[in-house]
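Bear in mind these aren't lab numbers, they're just calculated from the coordinates by the rules spelled out. These numbers were taken from a predicted model, which means no experiment stands behind them. With ideal geometry, Cβ positions are generated from the backbone for all residues, glycine too; neighbour counts draw on all protein chains shown.
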Amino acid sequence: AQSVTQPDIHITVSEGASLELRCNYSYGATPYLFWYVQSPGQGLQLLLKYFSGDTLVQGIKGFEAEFKRSQSSFNLRKPSVHWSDAAEYFCAVGTPTGNQFYFGTGTSLTVIP
Amino acid sequence: KAGVTQTPRYLIKTRGQQVTLSCSPISGHRSVSWYQQTPGQGLQFLFEYFSETQRNKGNFPGRFSGRQFSNSRSEMNVSTLELGDSALYLCASSLSSGSTDTQYFGPGTRLTVL
């Protein structure tokens, strides 16, 4: 069965510091992987996605993620965090047929000045 | 192009009542998916509709149902509301049914059951 684990419930970083949010997935075949961000009172916005090919994918807002099949991971990174990045981040795995996504429980990011 | 719209944005109901939520997808999108978001369970898939047909269904009781109209607008209905149904209900639309198409999420409907 498909599942996604985000081990870190909450992370606090200083503005300008680097960021890495962890995501581990369980899926029998080649996964379709996504990172979404949710600001308070808002829906989810897609940051980036991975289907195949280059294992390092670039997304919006300066985010990138690396797919590592051997570790079943798809960690999100940003070299320098901005105060506006404070939000909830969700990793998700999708199936090739249908739009049924399995989401992780999310990581809440706080950015301190 | 307008984004995904959900109405109403906030709703308060009492136990035993029923509720209908509406989702208007991005123009041209034919797939609409619904998710329930709660602090305890996170984001859980409810169902997906594509071209007026339910394609996938999550693990929710039959009290949760949905439909899609010919213009791709979708509604979900929850009957006999329970306290545990209090949640943010999100819908997402995409061009087609398949994870390679980006899903665009609406702002959600916040349902409170008293």
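In segment A:39-98, the ratio of gyration radius to Kirkwood radius, Rg to Rh, stands at 0.98 when only Cα atoms are counted. By DSSP, the beta bridges lying fully in the protein assembly as shown are antiparallel in about 90 percent of cases.
List the relative contact order of chain A as a percent without decimals, with contacts defined as Cα pairs under 8 Å and 6+ residues apart.
Working: 280 pairs, mean separation 42.1, N = 113.
Relative contact order, chain A: 37 percent.
In a simple Cβ point-charge model (Lys, Arg +1; Asp, Glu -1; nothing else charged), the protein assembly as shown has a dipole of about 460 debye relative to its Cα centre.
Computed from the alpha carbon positions, the gyration tensor of segment B:20-96 leads to an equivalent ellipsoid with semi-axes of 21, 12, 11 Å, biggest first.
Across segment A:1-55, Cα pairs under 8 Å and at least six residues apart give a relative contact order of 30 percent. Spherically averaged projected area of the convex hull of Cα atoms, segment A:1-61: 5.6 nm².
Of the beta bridges in chain B, as assigned by DSSP with both residues counted there, near 90 percent are antiparallel. Straight-line cross-link partners of residue A:61 among the aspartates and glutamates, defined as a Cα under 13 Å from its Cα and at least 8 positions apart when in the same chain: A:85. Taken over the Cα atoms of the protein assembly as shown, the convex hull encloses 123 Å³ per residue.
Over chain A, the Kirkwood radius and the radius of gyration, each from Cα atoms, give a ratio Rg/Rh of 0.95. Put a plus charge on the Cβ of each Lys and Arg, a minus charge on the Cβ of each Asp and Glu, and nothing anywhere else: the dipole of chain B about its Cα centre is then about 160 debye.
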